[in-house]
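Please read the structure below before turning to the comments.
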Amino acid sequence: MDTTHAIVAEGLVKRFGDTTALSGVDLAVRTGTVLGLLGPNGAGKTTAVRVLSTLIRPDAGHATVGGFDVVRQSHQVRTLIGLTGQYASVDETLNGTENLIMIGRLLGLSRPDSRARARELLARFDLLDAADRAAGKYSGGMRRRLDLAASLVGNPRLLFLDEPTTGLDPRSRNEVWDIVRDLVSDGVTVLLTTQYLDEADRVADEIVVIDHGRVIATGSPEQLKARTGAQTVTVRPAAPEDLEKVTAVVRQIAAGEVDVRGDLVVAPVADPGALTHLVRRLDDAGLTVAELALRSPSLDEVFLSLTGVVA
């Protein structure tokens, strides 16, 4: 059995009538890491999660989770995994403790063990003060934390997070990211689908981009950024009246079209020494700048270049 990979999928196909949601998807998630599954709406991300979590069967292909076949050994797979969808699935009429006890009882834990596990998770997710409050009165971030806690009642070795931060404010998203990092440090393997590219950039060890049901790119965030080639230089002249002159100088070292955004000049560059050359040419022209920067492509730009769609 392959112990280096917690999830392995080969040639997964899933059709819904005339629509092919997955068209031969291959995945390999290393044990104890986060794999970010990216793609535009309708690309097949959620369908892949539903197949791997045994909620639906593939029409073709093969997948194992924790070494167990998702079709022939679905029961064993379910004992290993936790799943959190795009929207909190807690019972709004029950309080935090009752929600987690209910999950524990459904998983076969005794009532005392369920209560102990509930208290442990409420403490871990900073929800003890709200333990006796109805979940319907929780904030969005608190509901998401409770939902994540519910997915961990059974101590899963693998966790599927399907767009877990949808609708959350930046602070709540940061809290979820911290939780994911803590889980991975404890040895949990995470498959994360997200539309927030900064989320994948900050959390994922490896990224798989799918579009129209097919894998179109795989690699670490840095590897994917390197695939786009050119870096970007940005220059802001100190004197607004020098904008045209600065733009002309930037064109001399640019590897593509120069874009003027207000008083900021932006251009792609391919030469590793482009910034040095630019500084020298600006100095020779007697031009002073208020801002000068060279940056690698963002994951947003990588995504756009790969799919042609803004996430």
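The values are calculated or read from the model by the stated rules, or taken from the named source; none is laboratory data. This structure is a prediction, so every number in the text was calculated from the model and none was measured. Backbone-built Cβ (ideal geometry, glycine too); neighbour counts: all protein chains shown. Surface accessibility is based on the protein's heavy atoms, side chains included, excluding ligands, DNA and RNA. Shrake-Rupley method; radii C 1.70, N 1.55, O 1.52, S 1.80 Å.
Sub-6 Å Cβ pairs linking a first residue in the stretch 273-301 that is assigned to a helix (DSSP H, G or I) and open to solvent by 70 Å² or more (accessible area, probe 1.4 Å) to a second residue that is modelled with pLDDT under 95 and not β-branched (Val, Ile, Thr), at least 6 apart or interchain, are 300/197, ordered by first then second residue. Checked against (1) among the small types (Gly, Ala, Ser); (2) under 24 Å from residue 200 (Cα atoms); (3) at pLDDT 90 or above, residue 296 passes all but condition (3).
Quick grid of which residues meet (1) outside any loop (DSSP other than H, G, I, E, B); (2) closer than 30 Å to residue 301 by Cα:
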position: 23; (1), (2): yes, yes
position: 37; (1), (2): yes, yes
position: 72; (1), (2): no, no
position: 79; (1), (2): yes, no
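Scanning the stretch 151-166 for residues that are in a strand (DSSP E or B) and of a type outside the set (D, E, K, R) gives 158, 159, 160, 161. Against the numbered list (1) farther than 19 Å from residue 188 by Cα; (2) open to solvent by 10 Å² or more (accessible area, probe 1.4 Å); (3) more than 20 Å from the chain's Cα centre (by Cα), residue 99 comes up short only at (2).
Return yes or no: is residue 46 touching a Ser or Thr at 6+ places or on another chain (Cβ under 9 Å), in a loop (DSSP other than H, G, I, E, B) and of a type in the set (Ser, Thr, Tyr)? So residue 46 does not fit the description; no. Out of all the residues in the stretch 181-199, is one or more within 18 Å of residue 41 (Cα to Cα) and surrounded by fewer than 17 Cβ atoms within 10 Å (Cβ to Cβ)? Scanning the stretch 181-199, I find at least one residue that is within 18 Å of residue 41 (Cα to Cα) and surrounded by fewer than 17 Cβ atoms within 10 Å (Cβ to Cβ), so the answer is yes. Residues in the stretch 214-224 that are of a type outside the set (Ser, Thr, Tyr) and either in contact with a helix residue (DSSP H, G or I) (Cβ under 8 Å, 6 or more places away or on another chain) or surrounded by fewer than 16 Cβ atoms within 10 Å (Cβ to Cβ) (or both): 216, 217, 219, 221, 222, 223, 224. Out of the residues in the stretch 122-141 that are at pLDDT below 90 and part of a helix (DSSP H, G or I), state the one that is nearest to residue 97 (Cα to Cα). The residue in question is 124.
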